[in-house]
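J.: Just passing along the structure, written as structure tokens.
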Amino acid sequence: MLTARDCAAPKLFSCEQPVVALCADVLSDDECERLIGIGRARVQRSAVVDPASGSEITINERNSDGAFVNGSTDALVGTIDRRLAELFGHPVENGEDLHLLRYDIGGEYRPHYDYFPEEQAGSRHHMLRGGQRVATVILYLNEVTRGGDTTFPDIGLAIHPRRGCALYFEYVNELGQADPKTLHAGTPVEAGEKWIATKWIRHGRFRADD
């Protein structure tokens, strides 16, 4: 059981190589609905970091709509930021803004890493804002009718979205070494829609773009 001041989250499973854990009851039904409502008013086509320039671009491999939100958007986001920091043991200031994501039928994110490849020029700009990404939390906001799993193809793991659950995984250790086994994907939504909220955690204090 992982605990925060306002939450007790049973651990459904975990593994050590790579570090992955799935926890239940991290969000209530009402909190999930409220986040979806915030997202519906704000999401736009999702982008990724261009490996050459560091600018944000859209690609066919990522087909979703997203929006970054924080405590100034809605007080609930600040509450969730603090809760995640307590549950998973990272300073709240090291978390990027919460990223709300909507996947319609056919929406997917093909296999990718969340950490920034340090050999790519485009990563340098983003790493100036808090250092390397070290961990991710994916919050599942609704029940997906069919499809929309989070998969780790190199370890044969698949997680189907379940409302209120949080998937946590680490990919960079204290020596700065990245774990390639954290290659992961969001499989195509086959029926219904998929809503998630993603929290990326940095090595140091995150600084938003000016």
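J.: Note down all Cβ pairs under 6 Å where the first residue falls in region 190-210 and is at positive phi and touching a residue at least 60 places away in the same chain (Cβ under 8 Å), the second is of a type in the set (Ser, Thr, Tyr) and surrounded by fewer than 23 Cβ atoms within 10 Å (Cβ to Cβ), and they're at least six residues apart or on different chains.
T.: Gly192/Thr145
J.: Here is a follow-up. For the list (1) closer than 27 Å to Met1 by Cβ; (2) more than 17 Å from the chain's Cα centre (by Cα); (3) outside any loop (DSSP other than H, G, I, E, B); (4) of a type outside the set (Val, Ile, Thr), I need the number of the one condition that Glu190 fails.
T.: So the condition that Glu190 fails would be (1).
Here's the yes/no breakdown for (1) in contact with a Lys or Arg (Cβ under 7 Å, 6 or more places away or on another chain); (2) charged (D, E, K, R); (3) surrounded by fewer than 17 Cβ atoms within 10 Å (Cβ to Cβ):
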{"residue": "Asn94", "(1), (2), (3)": "yes, no, no"}
{"residue": "Arg110", "(1), (2), (3)": "no, yes, yes"}
{"residue": "Asp114", "(1), (2), (3)": "yes, yes, no"}
{"residue": "Arg124", "(1), (2), (3)": "no, yes, yes"}
{"residue": "Gly131", "(1), (2), (3)": "yes, no, no"}
{"residue": "Val137", "(1), (2), (3)": "yes, no, no"}
{"residue": "Ile155", "(1), (2), (3)": "yes, no, yes"}
{"residue": "Gly164", "(1), (2), (3)": "no, no, no"}
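J.: Further question: Select the strands (runs of 3 or more DSSP E) contained entirely in region 11-104, then report the ones holding at least 2 residues which are modelled with pLDDT of 95 or more and within 21 Å of His160 (Cα to Cα).
T.: Of the strands (runs of 3 or more DSSP E) lying wholly inside region 11-104, those with at least 2 residues that are modelled with pLDDT of 95 or more and within 21 Å of His160 (Cα to Cα) span 11-15, 20-23, 98-103.
J.: A follow-up question, please. List, please: which pairs have Cβ atoms under 8 Å, are six or more places apart or on different chains, and start with a residue in region 22-34 that is under 15 Å from Val69 (Cα atoms) and surrounded by 15 or more Cβ atoms within 10 Å (Cβ to Cβ) and end with one that is of a type in the set (D, E, K, R) and at pLDDT 95 or above?
T.: Correct list of pairs: Cys32/Arg163; Arg34/Asp74.
J.: I need a count of the residues in region 157-174 that are part of a loop (DSSP other than H, G, I, E, B), free of Cβ contacts under 8 Å to residues at least 60 places away in the same chain and closer than 11 Å to Val134 by Cα. First the steps, then the outcome.
T.: The initial filter retains those residues of region 157-174 that are part of a loop (DSSP other than H, G, I, E, B), namely 160-165, 171, 173-174.
With the extra rule that they be free of Cβ contacts under 8 Å to residues at least 60 places away in the same chain, the set shrinks to 160-161, 173-174.
With closer than 11 Å to Val134 by Cα added as a condition, the list becomes 173-174.
Matching residues across region 157-174 total 2.
The values are calculated or read from the model by the stated rules, or taken from the named source; none is laboratory data. Everything numeric here is computed off the predicted structure, so don't read it as measured data. Cβ atoms come from the backbone with ideal geometry, glycine included; neighbour counts cover every protein chain shown.
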